[in-house]
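Written out below as structure tokens is the structure these notes cover.
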Amino acid sequence: MRYVSTRGSTTPMAFSDAVMAGLAADGGLLLPESLPDISARLDDWRGLSFVETAGAVFRLYADDIPHDELDALIAEAFATFDHPDVIPLVEVGDVRVLELFHGPTLAFKDVALQVLGRLFEHILARRGGDLNIVGATSGDTGSAAIAAVAGRAHMAIFVMFPDGRTSPLQELQMTAATDANVHCLAVDGSFDDCQRMLKAAFADQDFTARRRLGAVNSVNWARILAQISYYIHVSVNADGPCTLAVPTGNFGNILAGIMAREMGAPIEQLILATNENDILARFFDTGVYARGTVHQTLSPSMDIQVASNLERYLFLRLGRDPERVRAFMSAFSEHGRAKIGGSRKGENRVDEAVTAVRVDAQETLDTIAWAHASHGYLLDPHTAVGVAAARRTADASTRPICLATAHPAKFPETVARATGQDPPLHPTLSRLRPEDARRTPIPASATALKDYIANQDDLARISDRTS
Ligand SMILES: *Cc1c(COP(=O)(O)O)cnc(C)c1O
């Protein structure tokens, strides 16, 4: 399988190169040249464990890594999850909840990042060399990326977060990592400053090449691929074509669902659930993608206005035509607004398979309260957005499957506000020791970031030589 850019001007590359590159050199995102059709395999795949399904899915796309090594790496990644089924499906009244939060940081991002960290390590071991992973986070991504890279060979990770603007628990999930290859940088500025610093560091091509920078955000194809696995697993094992509700921010999770459906997984409908940051809901209803301002909500990991993965969807939807993708993206960056046609003549709805739903704070709280009072089940606020969207739109007889993206213990304040009770402490969180916290304050400047990385990188090389 070869990988091509949505902007059309990179030479097609192998899976391992796509994983190491993250973003394409022409500024686009990487996608497989074609999507394998799995319809003939569905019967064979029914009854497989999630780990086995993921192995089968990765084989289709990661054909430059030997099967046994791929299987071992995937099994090891999901052995870090604390549930025997890895991603259990549970009944909560008229909906089913797919718990994707049993990994080391209690958020669904672990599913993809635990695999990605091991893929990096595997590829680096084979090719030689090392990698400095740099990221910016407003909360969940940072800890999941750290958990994926901490203590792994040939890699270091540098995570920037806005000092004082993540929750104390989120900060501790990052800073309590004791491995020497983890660097938490508390930036004196906002999340936007962190992102600007990140972009500036990557834009310096000399620096990027010399310091071997790598990225772990959801533009990395391997993250989408890992997520495709659970859509296929849950849909082939469901009784009949299913409806899935997906709490959406950067469009990485639901994109995997759209691609699984395109491959032939028995998925009837995908419900795209947003909070008050509803740019994607508006786009799927009207075809108009128009930037708004970012609202702070009860589901902070979905507080995003510009969804980087939408570009992959546009590429698929616009006939894999890079010209049309470029036209759309440049209209959007110039005017903050771009449009595509509807899925049928005379209709504005963009995709017959996607129903977009916006859920506000009150409905989110009401949904948490409903699940708790009626079924004794605790929802985190992100998952609650998806459950609310499913209960409002889907036919209850289809028993929609809602993807649970975080454990409720990660968001105790909102859960307590909705239910009147503090959620029980999760052992993963109570194990974190504030006395282990290590962080380095840095000013909000790209130079400060680059200096810090260069300095640590030099130290690592000196110790490599002396060891
Ligand atoms: C990242 C995240 C989301 C949003 O997922 P996208 O792939 O960005 O759409 C939803 N919920 C939680 C808890 C997250 O951490």
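Points to keep in mind about this one:
- Largest to smallest accessible area among Trp370, Trp45 [probe 1.4 Å]: Trp370, Trp45
- Where Cα atoms sit under 29 Å apart: lysine pairs in the chain separated by 8 or more or lying on different chains: 6
- When both bridge partners sit in the chain, DSSP labels roughly 25% of those beta bridges antiparallel.
- Taken per residue, the accessible surface of the chain reaches 40 Å², heavy atoms only and a 1.4 Å probe.
- Enclosed volume per residue, in Å³, of the convex hull spanned by Cα atoms of the chain: 144
- Summing charges over all other residues whose Cβ lies under 13 Å from the Cβ of Val350, with Lys and Arg as +1 and Asp and Glu as -1, gives +1.
- The chain, helix-only ellipticity at 222 nm - DSSP H runs n ≥ 4, -39,500 (n - 2.57), divided by all residues, nearest 500: -13500 deg cm²/dmol
- Cα gyration tensor shape of segment 3-83, rounded if a/c is under 1.5, else prolate or oblate by comparing a/b with b/c: prolate
- Taking other residues whose beta carbon is less than 15 angstrom from the beta carbon of Arg391, and scoring Lys, Arg as +1 and Asp, Glu as -1, yields -2.
- Taking a ≥ b ≥ c as the square roots of the eigenvalues of the alpha carbon gyration tensor, segment 218-377 is oblate, as a/c is not under 1.5 and a/b does not beat b/c.
- In Å², nearest 10: area of Arg291 left accessible to a 1.4 Å probe: 120
- Separation of alpha-carbon centers, segment 1-75 and segment 126-141, rounded to whole Å: 20
- Accessible surface for Arg461 stands near 100 Å², nearest 10, in the context of the full protein assembly shown (1.4 Å probe).
- Segment 30-138 shape via C-alpha gyration tensor axes, a/c threshold 1.5: oblate
- Nearest-10 value in Å² for the accessible area of Leu23, using the 1.4 Å probe: 80
- Carbon and sulfur %, accessible surface of the chain computed with the full protein complex present, 1.4 Å: 49
- Three principal axis extents describe the C-alpha atoms of segment 354-396; from largest down they are 30, 22, 13 Å.
- Using the Cβ of Gly189 as centre and a radius below 11 Å, the other residues enclosed give a net charge of -2, where K and R count +1 and D and E count -1.
- Across the chain, the relative contact order, built from alpha-carbon pairs under 8 Å that are at least six residues apart, equals 19 percent.
The values are calculated or read from the model by the stated rules, or taken from the named source; none is laboratory data. All values reported here derive from a predicted model rather than from experimental measurement. Positions of Cβ are backbone-derived with ideal geometry, glycine not excepted, and every protein chain shown enters the neighbour counts. All accessible areas refer to the heavy atoms of the entire protein, side chains included, with ligands and DNA or RNA removed. Shrake-Rupley method; radii C 1.70, N 1.55, O 1.52, S 1.80 Å.
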